[in-house]
Each structure stands twice: as C-alpha cells, then as structure tokens.
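Peer 1: There's a structure below that I have some questions on.
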Amino acid sequence: MIALDYSGSLSFSNLAQTRLLACKHPIYNLAMSIIEINHLSKSYRVYQKQEGVWASIRGLFRREYREVQAVRDISLQVEPGEFVAFLGPNGAGKTTTLKLLSGVINPDSGDCRVMGHVPWERENEYRRRFALVMGQKNQLWWDLPAAESFRLNQHIYAVPLDEFDRTRDELCEMLDVTHLLGQPVRELSLGERMKMELIAALLHSPEVLFLDEPTIGLDVVAQHKIQQFLKAYQEERKNTIVLTSHYMKDIQALCQRVVIIAQGSIFHDGSLDDIIDRFSGDKIVTLQIGGPDEVFQGLRKLPNVLEVEPPRIKFRIGRDDVARTLSDILSTYAVEDIVVEDPPIEEVIAKVFTDAQGGQVDDESHPDIAGVS
Amino acid sequence: MIQPSYLNVFLTFAKNSMIRDMSFRMNFILQCISSLSWAAMNYGLFLIIYQFSDSIGRQTGWGESEFFIFLGTIWIINSLIQTFFMANATEFSEMIRTGNLDFALLKPIDTQFLISFPRVNWAQLANAFLGLAVIIFYLHQLLNDPSKKMDFSIWSVFAYVFFVFCGTVVMYSVMIILASTSIWMGRNQNLHNFWFYITNFYRYPMEIYERGIGWALWGTFTFVVPILVVSNVPARVLAQPLGGHWGLWDWTLATMSVVAAAGSLWVSRCVFRVALKSYRSASS
Amino acid sequence: MDATHWYGRATLWWTFFQISINERLVYRIDFVIGTLMRFLPTLTQVFLWWAIFDAVSSAGSADSASGPDGKIAGYTFSGMIAYYLMVIISRAFSSMPGLTTGIANQVRNGEIKKFLIQPVDMIGCLLVQRVAHKLVYYLIAALPFALVFWMCGDFFVSGWPPPDVMFVFITSLLLSFLLGFYLESCIGLIAFWFLEVTSLTFIYMLLNFLLSGHMFPLELLPTKPIDLRGFVEFMPFKYLAYFPAAVFLGKVEGAEMWRGLVMEVMWVLFFILLSRWLWSRGVKRYSGFGG
Ligand SMILES: Nc1ncnc2c1ncn2[C@@H]1O[C@H](COP(=O)(O)OP(=O)(O)OP(=O)(O)O)[C@@H](O)[C@H]1O
Ligand SMILES: [Mg+2]
C-alpha cells in the first residue's frame, strides 16, 4: 500500500485541505499502516452469579469468576484511506476491539499503534485525531439542543471557530438536519439523534473514524441516508474508517474490506466477494421454461429445488456443477431465460458464522472457573 | 500543540447547565427552597442548643456568634461542593456503571477535568449566599461587642476566601477519590452516604473531639484525612474564638490547610489515574 | 377467593421475595461498609453533646467516669447518647431509602404500565421487596449493631426495660416499618399528579428529620413562640424515630405509652387506606391520559 497520494487529491473542498496539513505527519511518509494491531488480547473477568438465596449469601464471602476472552490474539493492518468492516456474530469481540483501538480500555497483552500512537496511553495528540461513534450510546447532552454539545466539542477539540462553523454547516446540510439543531436531543428521533452523533464526532475532522453499529435501529431510509453520507464523506476526505454493523447493506455499500471476527479471533480478512467465493460453494439458478406444466414434474425431482412457480423454477447447485447441469438442462428443456447468481449475502454470512462458531464450541461450553476471591 | 482552553470549556459547561436549569424552572426553585430549608433547620437546632448552653465545649470560645460564623462557613463550602462537584461525582459513578465514561476518555482534554465539571448545579448556590448573610450578620455582632477583642481587617477577608478555597479543594479531592472507587466496586450506591458521613466530622469545631477516644478522630481528621482543617481554619480566621492573636497552633493549622489542599489534589489525581486503569467499560 | 388463587399469589410473592434478596446481595462491599458507616454520625453526635453537656455541667465532671453531670430538657449526657442509639434502631425499621423516588421514577418513565398490565399489585410488590431488603439488612447489620451496642452499654444506665414495655417497643418498631413504608409510598404516588416529586421528597425528608426526633429528642423542641412540641404530637412522624426510642428509655410510660401505640396503629391504617386511594385515583388519571 502507498502513502496517501494527497497531491493528487487537492481538488477537494477547503475543509479537506485544512486537514491535509495536519496529515503531514511523519508516519504517512513512511508508508506505514495507519492502524497496526499485533497479537492483541483482552479478557474480562465476570462474576458468576449463582441462582438462589443461599448461593447469594455464600457469594457475599466467596465469589467465582469466569474469564471471557473477548479478543484473542488479533493481528491486523489497516492502510490510510481504507474503509474496513468488522463483521461477526453477537459477542464476537468487535466492540471490544474498537474500544481497544480507541484507548477506552487497556489490553491484557499485545501491541497496537494507530497513527503511530499507542491508544491506551491516551495522549491528547492522538485523541484529537480520531473519533468513535457508538450506535447504542449517546454522548450528546440529553436535555440540551445538539448545537450546544457541538459547541462544547469545539472548545474541547480546540477547533478554530471559522473552521468549526464551516464543518458543522456542511455536515448538517449533508445529513439534512440543520432545522433540528435547536431542539433538545431528548426530543429527537433515533435516526435524527444518530445523525447528530455522527456530526458531533466529525466536527474535528478526525483522520480515523471508528463506527460501532451506526445504523442500529434505524429504518431503511435513514440507514440508506447514513450510508450515502459516509460514502460521500469518505470519498471526499479519504479518511480511514472502521465500521461494525449487522446490516449487510451497510457493508456492501461501503466497505471494500471485510474482517470477520468470531469468538475473539479473526476468521477471515478480505473482500465480500472473497467471502462468497470461500464460504459458499453454491450458486442459485433461476430458469424460465416454456412448454406445458408437465415438464416441471421432471425438474421438481432435481435436488435442492428452492421454489417452483411455472414458468419459473429456482434451485441451488454446487459451483462446480453449474456448467454441466446447465448444459444438460439446456439440451433437454426449452429454456427461455437463465439467471445464475450468488446466494444472498446474509445466507453466506450466516453459514460463515455457524462455521466459525462450530470450530470452537467446546471452548464456550467449558468455561473455566478462573478463581475465587 | 493546540491546547483546548479549559476556561472556555468550563464556561460552556456552566452555560449549558444554566440553560438546562432554566428549562426545568419549577425544579430549580424547589431545589433552592429545599436546600435553604435544610440550612434553616440546622440553624434552628443550634438556636435551640444555645438556649440551654452558651458555648459548645468549656472555654473553647465557640459562643453563639462565633459558632454561627462556623456554621456559615460550612454552608458555603458545602454549597460550593454541591454546586460544582456533587452531581458530577454521582454522574461519574453512573458513567462507570453504564460505560458512558468511554466518551470522556476519548476527548483530547484532561479526563479528570472533564468529569469534574460538566454539571453546575446552580440551585445549590443558594446556601452559599445564606451562609454569607449569616456570617456578615454575626461578624457584625462580634465586631460591635467590646468584650471580644477582634482583630479584623481586609486581610482577614482575603485569608478567609483563600482558606475556603483550600478547603473546597480538599473536599473535592475526597469526593473524587470516593467516586473513583466505584470503578472497583461496580456500583457505588453509597457515595452520597459516604459523603454525608465523612462531612459529618467537619461540621463542628475541632475542639469537641479533644477528649478521650475523640483524640483519635481528631488526629485522623486533622492529619490523615484533613477535613477538620477544611472548616476550622477559615472559620477561626473570621470568628477568632480565642481572640485575634495567632498562636503557633493557628499557624500550624493554616499551613496544614495549604498542604492538605495541594496534597489531597495530588492524591486524588493518582487515585483517579490508577482507577482508570481498571476501567472495563460496559459490554454493549 | 379459592385456594389455588391464594396459592398462586403466595408463590408469586415468594419468588419476588427471593429475587429481591438476591438483588440486594450483589453489592456486598457497599453493603457492609455502608452499615458500619451508619454509626459515624452518632459518633460525632456523642462528641458534640459531650461538649455541650460539658459547658452546662459543674467543672471537672466532664472527664469523670459517668460523663458530665448537667441535664438538658430532662436528658443526662448518657440519656442523650442512649436516645441517639435507639433512634438508629427505629430508623433501621422505618427508613425507606429510595422508595419515594423509585415510585416517582416508575410513574414518570412509564414503567408503571407493567403493573397495570400484569395481575400484580404494585404496593404489595414493593412491600415484599422492602421486607426482603430489610431482612438482608438485619442479617448483615446484626453483628456491627451488636458490637456497637455492647461497647455503648454504659450509656443505658437503667438497663433493660420490663416485659410490657419491651412488648410495646417491639410492636412499635414493626409498626414503624409499616408506617414508614406506606407514608413514603403515598408521597411517591403523588407523582401521578405532580412530576417533580424529587424536590418534594427533600422537603419530606427535612420534616421527617426534624419532627420524627431523628435530629434531637422531641423534648428539646420549643413551646414558644409556636408550640412545636405540642404540634408534633399530632403528626405521624414521631412514630418513625422518637416513639420507639422513648418507650425503650422510659420517657413515655403507662397510659401515655399505650395511647401512643394505638395512635400509631391508627396512623398505619390511615396511610394504608390513603395509599390505596391514591393508587386507584392515580391509575385512573394515568390511563385517562393514555400513559
Ligand atoms: N465490560 C465488560 N465486562 C464483561 N464482559 C464484557 C464486557 N464487554 C464485553 N464483554 C464480553 O466480551 C465479549 C465480546 O463483547 P463485544 O461487545 O466486543 O461483542 P460484539 O462483537 O461487539 O457483539 P455485538 O455484535 O453483540 O455488539 C462478550 O462475550 C461480552 O459478554
Ligand atoms: Mg458490539
């Protein structure tokens, strides 16, 4: 990967330019990755609460703990300007990884650099250059209009006033929330609030952005709006974004690279197409066939028929069999139309998740009692 | 290096809190009334006590006027703490529990500063004014009483303000230390109680502890957790229970006050920093 | 009502009781420290009153074995301290931390709907919950309490009271639990009409602190210019702290004691009825608004 070719992209808005100066940090010239994670691990000790009154009373004096390995030995590199998605089942450790990257929690072992900084040292120089947005939480002042929270961020991040006004107006316009700036946050809808959260996080033009489920709980339109916004924003500023989401639409629309995390480890790292290639051996074939209904009787007997709705039939076949089966069918039936497609991405991902968890089930079913205190 | 302006951030906090308070006006007024009534009740208790006795402790000099200056000082310090820190310390415990501390940790500004000031509870300032009024009234009485040999000048006022400031710093530090412990304890439901219990000791002139096992308390709360110094030093500066002349003991106490302020602030920062290391956020 | 109905109810409440106990036991360090801390204010009270009695006593008596010899409003120094210790016992029964605000918050954020939908009675549930909390509290607090009272035994100059007084004392404690519970529930239920109950609770706490005898023995209250002393006799508050303590210490005796007990029962009944009434009116109003 190359050091960001900023000279070629100076035609972006003024804003992007102001930030470019800040980006002339040594590390960019060294052609290093912007995020470097080496063997990062984090486990939580959780108190095992027993059922029942007596158990509770015993718990007063003796407690049993269990280790939850939230992140195990993750290594990963992200290059400047990448848009990476973390994908994984609930409890996989995505949020924990993002928290480690943003220095909110300390790891047990391993090493990590973001823009050359160790996140959990929490240097101000580092904290000024990234942002974390968490879909399930809000950081705006609940009883005040969002504009006041923005103003506070301006002071905290020491954003020059004119730059702040410009960024805010531009972002508000892009997300279409200018008219809501004066309304107390508690009176905003979830989608509106999420947009405000995004703006609050972007006011200081972070070079690295961590988004943890930014579209959670939003309707299709709002989701789409946020996707579009993020896409436009990233294309314009070329900043590095790491996103987690359970909506495949988000990931399809935005990320070139998908990192699948399951049970704290990286299970796959590559593009979405790679995933389909690697994990789905099947194709879905839809045929439109002319002729009487009787011809379908024969086709019904094919294995893996998904649905028959004359004159259309849909079935699934192994990728390697596609050519052979199709040529057989073409020679036998009066085929009017053929569509060969990949199975729906959600299905593939579901399979990946089951695979990923299948590999390590025994780990989960024998929680080791880590100790008593 | 660009530095955030701490003053601007603080002013924004103060302003935002004001906007908030004003949008819940009824609540604001009720809060003022209730904290004023607590103070009034406290006052009533000692009015009753002074019906039966003319001093607290024998030959301590804490007669009625002197003691009410002491009480006024307590109100001022308490009210400053409640205005600026109490809600924030509670909120801090809550942030630890809910994992919302995450956001504070992200900001490029001193984290302790950021969690110490966001809410300014303006309604609580009412008691500071009440304390001031009480102090002025009784100081006036003392100054017009020829039997008291008061030594009062503008410097007394400066010294008083300075020592009240030192005292507030000590109390603030104690509070932050208490609040930080909720990182280890999960939920610090007792923060308020702890606070109430600890402040219990500094509400009376330190002379009352000077007997029996009281000496142990006296020593602990003067030198280890120096909260007796917090209230006693400024109150003695103004009320001068034993006359205007500063003896060796007064100087010792005054020095203690300054040392305590600096020392406790430093300890609070250490505890805060160590506590943050154990912060584990909350899942989801 | 048939038997299965009652059986169902009993098991429901038993489950609820267990959950409440469990919930309480989770925060253990908090709990033990909290219990011990409870005695700290009394410690300062001891020294404050010591200093005050010192000033009204004859010279030299302060450091004698029996403490200063002066009297204030009929209390000797030991009597005063014994009073404060007994008030802690009363309060261990009658204080209901968080009850009012808990109810008010449930009303405010709509959690109360749960009780309108499910066939359980909110006040009943809360009562079971409180009983559980109190029991856990006594379980853990018994030891520190015993320790403190053993150490302070000297302040109780007249020793244990006779059995009939003991009976009234214990009954009045149990009643003070009910009184505290229903009184605070009623205040919490005002949230149906007036959302800012939290500030109201502060004022209630204040009245309670002053008029229940928590702050000082009610004998100290002035009779002039307004007769506060006479006024508290007609208030429910004194049964929350003063009355049990005064019974134990023999400050109220004979017919007066029994009359007090009857009054306490009346107050409990009054607040039970009042809470029922407030609840039904409040719910009606609440559903009228559509939540
Ligand atoms: N603060 C915490 N204390 C204890 N355990 C935690 C904590 N945070 C996370 N965990 C545990 O660590 C594991 C990983 O959690 P994490 O929040 O990272 O998952 P996730 O991938 O973000 O899942 P989701 O998709 O559901 O958001 C889970 O098993 C969770 O229970
Ligand atoms: Mg997550």
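Peer 1: With respect to the cross-link table entries A:K42/A:K137; A:K351/B:K277; C:K71/C:K238; A:K225/A:K283; A:K195/A:K238, which display a Cα-Cα separation exceeding 28 Å?
Peer 2: A:K351/B:K277; A:K225/A:K283
Peer 1: Rounded to the nearest 100 Å², what is the buried accessible area between A and B, both sides summed, probe 1.4 Å?
Peer 2: Interface between A and B: roughly 3200 Å².
Peer 1: So for the stretch C:50-180, Kirkwood radius off the Cα pairs, Stokes-Einstein at 20 °C and 1.002 mPa s: how many µm² s⁻¹?
Peer 2: Diffusion coefficient, whole number: 118 µm²/s.
Peer 1: Only four residue types carry charge here, +1 at the Cβ of Lys and Arg and -1 at the Cβ of Asp and Glu. Report the dipole size of the protein assembly as shown about the Cα centre in Debye, rounded to the nearest 20.
Peer 2: On the way: 77 positive and 86 negative charges, 439 e Å.
Roughly 2120 debye, rounded to the nearest 20.
Peer 1: Using R₀ = 60 Å, calculate the FRET efficiency as 1/(1 + (r/R₀)^6) where r is the Cβ-Cβ separation of B:M22 and C:S158; round to 0.05.
Peer 2: 0.55
Peer 1: Once R0 is set to 60 Å, what does the formula 1/(1 + (r/R0)^6) return for the Cβ-Cβ distance between A:K249 and C:A146, expressed as a FRET efficiency to the nearest 0.05?
Peer 2: The computed FRET efficiency comes out at 0.40.
Peer 1: Pull out a ≥ b ≥ c, the square roots of the eigenvalues of the alpha-carbon gyration tensor of the stretch B:53-188, then state rounded if a/c is under 1.5, prolate if not and a/b is larger than b/c, and oblate in the remaining case.
Peer 2: Since a/c reaches 1.5 and a/b is larger than b/c, the shape of the stretch B:53-188 is classed as prolate.
Peer 1: Now for a different question. Report, ordered by chain and residue number, the lysines lying within cross-link reach of C:K113, taken as a straight Cα distance under 24 Å and ignoring same-chain residues fewer than 8 apart.
Peer 2: List returned: C:K284.
Peer 1: Also: Taking just the alpha-carbon atoms of the stretch A:281-333, what radius of gyration and Dmax come out, in angstrom?
Peer 2: Calculated on Cα positions, Rg and Dmax stand at 10.5, 32 Å.
Peer 1: List the residues of the stretch B:1-23 whose accessible area drops by at least 50 Å² when all protein chains are present, compared with their chain alone, using a 1.4 Å probe and counting only protein heavy atoms.
Peer 2: Buried-area filter returns B:M1, B:I2, B:T12, B:N16, B:R20.
Peer 1: Further, regarding this structure: How many percent of the accessible area of chain B is carbon or sulfur, using a 1.4 Å probe?
Peer 2: 68
Peer 1: Treat the stretch B:6-277 as a sphere of radius equal to its Kirkwood radius over Cα pairs and apply Stokes-Einstein at 20 °C in a medium of 1.002 mPa s; give the translational diffusion coefficient in µm²/s, rounded to a whole number.
Peer 2: 108
Peer 1: Once the convex hull of the C-alpha atoms of the stretch C:122-171 is built, how many Å³ does it hold per residue, rounded to a whole number?
Peer 2: 95
Peer 1: Let me know the charge dipole size of chain B about its Cα centre in debye, to the nearest 20, where only the beta-carbon of Lys, Arg (+1) and Asp, Glu (-1) is charged. Can you show the working numbers first?
Peer 2: Values: 17 positive and 13 negative charges, 162 e Å.
That gives chain B a dipole magnitude of about 780 debye.
Peer 1: Still on this model: What percent do you get for the relative contact order of the stretch B:6-277 when only Cα pairs under 8 Å and 6+ apart count?
Peer 2: Reported relative contact order: 26 percent.
Peer 1: Please state the Cα pair-distance histogram of the stretch C:171-245 with 5 angstrom bins from zero: what percent is in each bin?
Peer 2: 3, 16, 22, 22, 17, 12, 6, 1
Peer 1: Out of A:L272, A:M196, A:Q183, whose Cα points farthest toward the positive end of the dipole of the stretch A:167-321 (charges: +1 Lys, Arg; -1 Asp, Glu; placed on Cβ)?
Peer 2: A:L272
Peer 1: May I pose another question? Based on a Kirkwood Rh over C-alpha pairs, give the Stokes-Einstein translational diffusion coefficient of the stretch C:104-211 at 37 °C and viscosity 0.692 mPa s in µm²/s.
Peer 2: 192
Peer 1: On the accessible surface of the stretch C:3-285, probed at 1.4 Å, how many percent belong to carbon and sulfur atoms?
Peer 2: Carbon-and-sulfur percentage of accessible area, whole number: 71.
Peer 1: Quick check on the stretch C:90-164: what does the Kirkwood estimate of hydrodynamic radius come out to from the alpha carbon pairs, in Å?
Peer 2: The answer is 15.6 Å.
Peer 1: When the scattering of the stretch A:180-278 is computed by the Debye formula from its Cα atoms alone, each counted once and equally, what is log10 I(q)/I(0) at q = 0.21 Å⁻¹?
Peer 2: Calculated log10 I(q)/I(0) at the listed q: -1.18.
Peer 1: Taking the stretch B:232-281, which chymotrypsin sites (Phe, Trp or Tyr not before Pro) meet the DSSP loop condition and have no more than 16 other C-beta atoms within 10 Å?
Peer 2: When the chymotrypsin sites (Phe, Trp or Tyr not before Pro) of the stretch B:232-281 are filtered for loop state and at most 16 Cβ neighbours within 10 Å, B:W246 remain.
Peer 1: Kindly report the accessible area of the stretch C:3-285 per residue (heavy atoms of protein chains, probe 1.4 Å, no ligands, DNA or RNA), in Å². List each step's numbers first, then the result.
Peer 2: Numbers: 12820 Å² over 283 residues.
In whole numbers, the stretch C:3-285 has 45 Å² accessible per residue.
Peer 1: Moving on to the next point. Give me the distance in nm between label points sitting 7 Å out from Cα along the Cα-to-Cβ direction at C:W6 and A:D320, one decimal.
Peer 2: Output for this residue pair reads 7.5 nm.
Peer 1: How much accessible area per residue does the stretch B:6-277 have, in Å², with a 1.4 Å probe?
Peer 2: Solvent-accessible surface per residue comes out at 41 Å².
Peer 1: Kindly provide the Kirkwood hydrodynamic radius of the stretch A:310-358 in Å, to one decimal, from all pairs of distinct alpha carbon atoms.
Peer 2: Numbers: mean 1/r = 0.0767 Å⁻¹.
So the Kirkwood estimate lands at 13.0 Å.
Peer 1: Please express the Cα-Cα pair-distance distribution P(r) of the protein assembly as shown as a list of whole percents, one per 20 Å bin, running from 0 to the bin with the greatest distance.
Peer 2: 11, 35, 32, 16, 5, 1, 0
Peer 1: I need the calculated FRET efficiency for the pair C:I226 and B:D54, taking r as the beta carbon distance and R₀ as 25 Å, to the nearest 0.05.
Peer 2: For R0 = 25 Å, the calculated efficiency reads 0.55.
Peer 1: Taking a probe of 1.4 angstrom, what is the accessible area of A:F229 in Å², to the nearest 10?
Peer 2: 10
Peer 1: Can you tell me what percent of all Cα-Cα pairs in the stretch C:3-285 are more than 33 Å apart?
Peer 2: Values: 11447 of 39903 pairs.
Every Cα pair in the stretch C:3-285 considered, those over 33 Å come to 29 percent.
Peer 1: Let me know the mean shielding of B:106-114 by other chains, meaning the per-residue number of their Cβ atoms within 10 Å of its Cβ.
Peer 2: Numbers: counts 12, 10, 13, 7, 1, 2, 0, 0, 1.
Across the residues of B:106-114, the mean count of other-chain Cβ atoms within 10 Å is 5.
Peer 1: Counting only helical runs of four or more DSSP H residues, what would the 222 nm mean residue ellipticity of chain C come to if each run contributes -39,500 (n - 2.57) and the total is spread over all its residues?
Peer 2: Taking each H run of at least 4 residues, the total per residue is -23500 deg cm²/dmol.
Peer 1: As a test of the definition: with a 1.4 Å probe, what buried accessible area, both sides summed, do you compute for C against B, in Å² to the nearest 100?
Peer 2: Chains C and B together bury roughly 3700 Å² of accessible area.
Peer 1: What is the antiparallel percent of DSSP beta bridges lying wholly in the protein assembly as shown, to the nearest 5?
Peer 2: Expressed as a percentage, antiparallel bridges in the protein assembly as shown total about 70.
Peer 1: Turning to a different aspect of this structure: Test of understanding: given chain C, find the longest segment containing no chymotrypsin sites (Phe, Trp or Tyr not before Pro) that are in a DSSP loop and have at most 13 other Cβ atoms within 10 Å.
Peer 2: Free of exposed loop sites, the longest segment is C:1-192.
Peer 1: Quantify how strongly other chains surround peptide A:155-167 by giving the mean number of their Cβ atoms within 10 Å of each of its Cβ atoms. Don't skip to the answer; put the middle values down first.
Peer 2: Details: counts 11, 11, 5, 9, 2, 1, 0, 0, 0, 0, 0, 0, 0.
Per residue, the number of nearby Cβ atoms from other chains is 3 on average.
Peer 1: State to the nearest 20 debye the size of the charge dipole of the stretch C:3-285 about its Cα centre, where the only charges are +1 on K and R beta carbons and -1 on D and E beta carbons.
Peer 2: Dipole magnitude for the stretch C:3-285 comes out near 1160 debye.
Peer 1: May I ask which residue of C:C186, C:A241, C:L218 lies farthest towards the positive end of the charge dipole of the stretch C:3-285, with charges of +1 (Lys, Arg) and -1 (Asp, Glu) on Cβ and the Cα centre as origin?
Peer 2: In the stretch C:3-285, that residue is C:C186.
Peer 1: Can you pull the mean other chain C-beta count within 10 Å for peptide A:142-149? Present the calculation step by step, with values, prior to reporting the outcome.
Peer 2: On the way: counts 1, 7, 6, 2, 0, 0, 5, 2.
Average per residue, whole number: 3.
Peer 1: Right, here's the next one. With unit charges on the beta carbon (Lys/Arg positive, Asp/Glu negative), name the residue among C:I81, A:Q234, A:L326 whose Cα is farthest towards the positive pole of the charge dipole of the protein assembly as shown.
Peer 2: C:I81
Peer 1: Compute the Kirkwood hydrodynamic radius of the stretch A:258-313, taking the inverse of the mean of 1/r over all pairs of distinct Cα atoms, and give it in Å to one decimal.
Peer 2: Details: mean 1/r = 0.0701 Å⁻¹.
Computed over Cα pairs of the stretch A:258-313, the Kirkwood hydrodynamic radius comes out at 14.3 Å.
Peer 1: On to the next question. Could you tell me which of rounded, prolate or oblate describes the stretch B:162-270, using a ≥ b ≥ c as the square roots of the eigenvalues of the alpha-carbon gyration tensor, with rounded for a/c under 1.5 and, failing that, prolate when a/b is larger than b/c and oblate otherwise?
Peer 2: Here the stretch B:162-270 falls in the prolate category.
Peer 1: Oh, and also: Per 5 Å bin, what is the whole-percent P(r) computed from every C-alpha pair distance within the stretch A:232-356?
Peer 2: Whole-percent P(r) values from 0 Å outward: 2, 9, 17, 17, 12, 11, 11, 9, 6, 4, 2, 0.
The values are calculated or read from the model by the stated rules, or taken from the named source; none is laboratory data. Here the structure is a predicted model, which is why all the values come from computation and not from measurement. Ideal geometry is used to build each Cβ from the backbone, glycine not excepted, and the neighbour counts take in all protein chains shown. Please note that ligands, DNA and RNA were not included when accessible areas were found on the heavy atoms of the full protein model with its side chains. Shrake-Rupley method; radii C 1.70, N 1.55, O 1.52, S 1.80 Å.
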